[in-house]
Amino acid sequence: DHQTILRAWAVKDFAPNCPLYVQILKPENKFHIKFADHVVCEEEFKYAMLALNCICPATSTLITLLVHTSRGQESQQSPEQWQKMYGRCSGNEVYHINLEESTFFAEYEGKSFTYASFHAHKKFGVCLIGVRKEDNKNILLNPGPRYIMSSTDVCFYINITKEENSAFKKQEKHRKNHESKLSYHGASRLPVHSIIASMGTVAIDLQDTGCRTSSGPTLALPSEGGKEGRRPSIAPVLEVADSSSLQTCDLLSDQSEDETTPSDDEVSAGLEYAKGYPPYSPYIGSSPTFCHLLHEKVPFCCLRLDKGCQHNYYEDAKAYGFKNKLIIVAAETAGNGLYNFIVPLRAYYRPKKELNPIVLLLDNPPDMHFLDAICWFPMVYYMVGSIDNLDDLLRCGVTFAANMVVVDKESTMSAEEDYMADAKTIVNVQTLFRLFSSLSIITELTHPANMRFMQFRAKDCYSLALSKLEKKEREKGSNLAFMFRLPFAAGRVFSISMLDTLLYQSFVKDYMISITRLLLGLDTTPGSGFLCSMKITEEDLWIRTYARLYQKLCSSTGDIPIGVYRTESQKLTTSESQISISVEEWEDTKDTKEQISYRSNHRNSTSSDQSDHPLLRRKSMQWARRLSRRVPRHSGKTAEKINQQRMNLYRRSERQELAELVKNRMKHLGLSPAGYDEMNDHQNTLSYILINPSPDTRLELNDIVYLIRPDPLSYVPNTAPSRKDSFCNTVGQDTREETQL
């Protein structure tokens, strides 16, 4: 960073008017280059992505696909349906256009934002996610149903290609000067922008893909009634939201209940949190975020999870009695960037009842200034230990964890061999996977090419086939050749180098960094929404299609769906180490055949040496072993006990041995082994992301839908603002001034 800062100063001194694009590592060095036009701080983005992965699965994969240029043609010749859908949807990117000059959005001038977003998706298959007013530099993601679209607004949408390259523009012959009008007035205006913007795009006829679902039958009421006679009808999306529709918003009602009606358990446990800005930030330049905070800061001694103090006597995670599962972060040191892991998980719009305890498993003790920053957040603890120590893992509550985040260690990033930098991390994660097979492990790697070793199986034919597919896609020139690797598609692995393209994208789309920071919760703008997710249950399957879900969300909560995270069961070949062999059962099933074989072969074996026939000798030994078990001896009970122990050892599989090892260590540490069997129940699944799928995509059970939810505290209408809106805008202005200061 020091060298990068000095280079940036040198460029600014030599060519003051040259646009600067700077990428640094540490967030504490940001204020040295605040004069640059665009800045990407790796640690800020990394920790925010890893945090959101715990509550919105595969957020890192979602952002990576959005900031990469692709034509959506990867694996379109594959025989597997999931690869076709996943490859086609990966071509979706974020684009912009002025509303008055757009075929997609021009007709929605004077309409609400949710109305424009729903009907644009229904008619053209595009996903309108945000706007920016002409007289304001701030981008608003899903400003909500109160926002009225204006002709001068800049619209930001997700689509397979930008509108200028779509087939719809060919039908607009009367707009001859359209390309000159659509030039985006960003920080730099070089002619090469149009060339770079056209890379990776293809003109497609959206009429064949998105317009089929715009007819009535797909959104008509089903003929059969719902459960208990309930008709699963969907309310229409209003052009202009009225007060009655806003009062029935599920989000706002839940939020009010969450704030005003705490339960008796919460009052007795003292879990009434305040909402405000964190009073202390570990570095200069962090954006202030409205969060759940404690009324009083926690003493430093109480932040230590595994050691009791005068305030409490808890020494392990189970003693605390957490209602929600843990999120464990394994890192080498508690750097300033780790603060950005905690903030998105404690943001004010996260329901208080759904907050997960956070445990930092650190190789080195944290500094006092870092403890000053985290002591105001509820349920945040740390422990000194390492993931390669089983006792440390058990003490920090790995058996009660929902997610385990393994951060790349700085000390191993530079190795004699480039790709060996991830060796220790990969082996440690593999050990975690074998010990706690159902634990969701999210890993950061230095080199993306090493993701093929995550959850490695030596004789996995499916992974071998995906490796060949990756080589083919790379030969075709794909920028996302690694996208079909199962750990990446499922959001289990991430490398910060995947975000290098974010800086390249900002050269053409100078809004990409701002939109990414808003999605990750690194920045908060009054009136701008936030990223969250919802799970499709059996009661939600009456929605049937993605288009109907879009309408349901827009007409009720005002949410905008942007994609689906799908999980399917997968039949993988079982490795040899996971096969349990029972010697006694095998012998019993073969008993009859062996007796017949022995009798037939015994006549011919008398004249020949059994050493020349190893098969006959083995069968004779098996027969003698069974005979010895049946013949009583003087010490029958002792022999039977020894024999039973020996057969139990033969029957044990590797998984059973690992389970016994973990349970013995838990008993030694005074921990209850209850619940470990659930952690060891692993099922082979296949997970992938569908960004902005077609409206007729069928929803499946356990699908997780990515949503951009409106800001519950403030909306920014075009009309005269209310007292609440004026107050929120004033707060936002003050925070922006504080940030600049």
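Taking the average, over residues, of other Cβ atoms within 10 Å as the packing measure, peptides 363-373, 525-535, 489-499 rank 489-499, 525-535, 363-373 from highest down.
Let me have the relative contact order for the range 46-137, percent, based on Cα pairs under 8 Å that are six or more residues apart.
15 percent
Using 1/(1 + (r/R0)^6) with R0 = 45 angstrom and r between the beta carbons of residue 427 and residue 476, what's the FRET efficiency to the nearest 0.05? E(calc), rounded to 0.05, equals 0.85.
With a simple spin-label model that places each label point 7 Å from the Cα along the Cα-to-Cβ direction, the separation between residue 685 and residue 418 comes to 3.5 nm. In this label model, residue 459 and residue 138 are separated by 6.1 nm, measuring between points 7 Å along each Cα→Cβ vector.
Annotation for the range 74-94 versus the range 508-541: alpha-carbon center distance of 23 Å.
Once you reduce the range 141-162 and the range 288-310 to the center of their Cα atoms, the two points are 41 Å from each other. For residue 523, the residues whose amide H sits under 5 Å from its own are 518, ignoring neighbours fewer than 5 places away on the same chain, with H placed 1.01 Å from N.
Based on C-alpha pairs under 8 angstrom that are at least 6 apart in sequence, the range 439-515 has a relative contact order of 41 percent. For residue 545, the residues whose amide H sits under 5 Å from its own are 699, ignoring neighbours fewer than 5 places away on the same chain, with H placed 1.01 Å from N. The modelled label-to-label distance for the pair residue 402/residue 656, using points 7 Å beyond Cα in the direction of Cβ, is 3.4 nm.
Computed from phi, the 3J(HN,Hα) profile of the range 450-465 under the Karplus parametrisation 6.51, -1.76, 1.60 (θ = phi - 60°) reads 7, 5, 5, 9, 6, 6, 6, 10, 5, 10, 9, 5, 5, 5, 5, 5 Hz, with x in place of Gly and Pro. Accessible surface calculations at 1.4 Å, restricted to protein heavy atoms, place the range 293-354 at 46 Å² per residue. Extension gain for the segment residue 434 to residue 319, taken as residue separation times 0.36 nm less the Cα-Cα distance, is 38.8 nm to one decimal. Available extension along the chain between residue 701 and residue 7 is 244.6 nm, counting 0.36 nm per residue and deducting the alpha carbon span.
Between residue 556 and residue 26, what's the calculated FRET efficiency when r is the beta-carbon distance and R0 is 45 Å? Round to 0.05. Kindly include the intermediate steps, with their values, before the conclusion.
Details: r = 43 Å, r/R0 = 0.96.
Calculated transfer efficiency: 0.55.
Which one, 376, 437, 448, is farthest towards the positive end of the dipole of the range 374-490 when Lys and Arg carry +1 and Asp and Glu -1 on their Cβ? Highest projection toward the positive end goes to 437.
The mean accessible area for residues of the range 1-97, using a 1.4 Å probe and ignoring ligands and nucleic acids, is 40 Å² per residue.
Here's how it looks for residue 445: its modeled amide H is under 5 Å from those of 494, 495, 496, which are all 5 or more places away or on a different chain.
Taking the Cα centre of the range 464-506 as origin, sum charge times position over the Cβ atoms of Lys and Arg (+1) and Asp and Glu (-1), and report the length of that vector in debye to the nearest 20. All intermediate terms of the calculation are to be shown ahead of the outcome.
Values: 7 positive and 4 negative charges, 42 e Å.
I would put it at about 200 debye.
Shown is the FRET efficiency for residue 388 and residue 309, computed with R0 = 22 Å from the Cβ-Cβ distance and rounded to the nearest 0.05: 0.20.
The values are calculated or read from the model by the stated rules, or taken from the named source; none is laboratory data. Remember, it's a predicted structure, so these values are computed and weren't measured experimentally. All Cβ positions, glycine included, derive from the backbone under ideal geometry; neighbour counts span all protein chains shown. Protein only, heavy atoms only, side chains kept; ligands, DNA and RNA dropped before computing areas. Shrake-Rupley method; radii C 1.70, N 1.55, O 1.52, S 1.80 Å.
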